[in-house]
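In what follows, a structure is listed as structure tokens, so that the remarks can point back to it.
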Amino acid sequence: MSTRNKYFPAKEEFVKLAKKGNLIPVYTEIPAGFETPLSAFAKIDDGDFSYLLESVVGGERIARYSFLGSRPALLFMSKGKKITVREGARKKVFTTEKDPLSEIKKIMEKFSFVPVKGLPRFCGGLVGYMGYDVVRFFEKIPDETRDDLNLPDCLFMLTDTILLFDHVDRKIKIVSNVFVEKSASSAYEGAVAKI
């Protein structure tokens with residue numbers, strides 16, 4: 001019996017999907033065993049930017065899925081009108097003419113996601129928060145608060161590889177969201193190597 005992992009979709013299917021869009025997930029499955037989302041998070045958390053999300057719907061006690069990500073490929077932060085975008089080793093700081101959401105939209109316009117069978121609706125994307133102060137871009141309200149914590153008003157990260165715990169099937173899906181810029185075949189091979 002082979003111990004080699006299977007990857008989904010197969011390379012040939014991935015190349016076909018790349019004609020429909022440029023952001024395509026590639027994944028493999030492993031048994032969860034005794035691994036939990038918390039124990040896995042402790043292993044991948046680099047202490048900088050990481051997340052663990054649960055997919056609770058309604059009154060469920062246990063989420064169907066847990067999503068874990070770390071080491072973002074892209075990081076978006078805003079403080080007032082000052083925007084910082086870190087993509088790999090590149091860092092861009094500028095002042096927005098509009099609002100942080102307009103800048104996020106510009107960044108995300110380059111991606112055209114193609115869903116893959118076997119994954120939930122969410123299998124990667126921007127994860128983060130918008131603080132209360134962002135409301136001032138959309139509503140005229142007084143600005144009398146003191147900023148004691150000096151945290152970003154917005155912080156969103158895009159991790160290209162996530163761990164997806166399926167608590168019903170007791171499996172972990174290791175998902176690499178591939179941005180296809182040139183060769184779909186090379187992009188697929190890069191994702192498999194990363195997984």
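What follows is calculated from the coordinates using simple rules that are stated; it is not laboratory data. What you see is a predicted model; the values in this text were computed from it and never measured. Please note: Cβ atoms are built from the backbone with ideal geometry, for glycine as well, and neighbour counts cover all protein chains shown.
A few comments on the model shown:
- Given LYS6/LYS105; LYS91/LYS182; LYS19/LYS105; LYS20/LYS194; LYS16/LYS92, the pairs whose alpha carbons are separated by over 25 Å: LYS6/LYS105; LYS16/LYS92
- Label-reachable residues, the range 29-43, where backbone N falls under 14 Å from a point 7 Å from HIS167's Cα toward its Cβ: 36-39
- Amide hydrogen neighbours beyond the local backbone of PHE49, cut-off 5 Å, H modeled: ARG71
- Put simply, the amide H of SER55, placed in the peptide plane, has neighbours under 5 Å in ARG64, TYR65, leaving out anything fewer than 5 places away on its chain.
- Rounded to the nearest whole Hz, the Karplus-based 3J(HN,Hα) values (6.51 cos²θ - 1.76 cosθ + 1.60, θ = phi - 60°) of the range 150-156 follow the sequence 6, 8, x, 5, 10, 8, 10, with x at glycine and proline.
- Over the range 145-195 - Rg/Rh using Cα atoms and the Kirkwood inverse-distance radius: 1.24
- Exposed loop sites here are chymotrypsin sites (Phe, Trp or Tyr not before Pro) assigned a DSSP state other than H, G, I, E or B and surrounded by at most 16 other beta carbons within 10 Å; excluding them, the longest clear run of the chain is 35-110.
- Neighbour-count order for LEU163, LEU119, fewest beta carbons within 10 angstrom listed first: LEU119, LEU163
- Once the Cα gyration tensor of the chain is diagonalised, semi-axes √(5λ) in Å: 33, 22, 15
- 3J(HN,Hα) couplings calculated from phi for the range 183-194 with the Karplus curve 6.51 cos²θ - 1.76 cosθ + 1.60 (θ = phi - 60°) are, in sequence order, 7, 5, 4, 5, 4, 4, 4, x, 5, 4, 5, 5 Hz; Gly and Pro show x.
- The H on the amide N of GLY80, modeled in the peptide plane, is under 5 Å from the matching H of ASP153, each at least 5 residues off or on a different chain.
- Derived scalar couplings between HN and Hα for the range 36-52 equal 10, x, 5, 5, 5, 4, 4, 7, 9, 5, 8, x, 10, 10, 8, 8, 9 Hz in order, rounded to whole Hz, by the Karplus curve 6.51 cos²θ - 1.76 cosθ + 1.60 (θ = phi - 60°), x for Gly and Pro.
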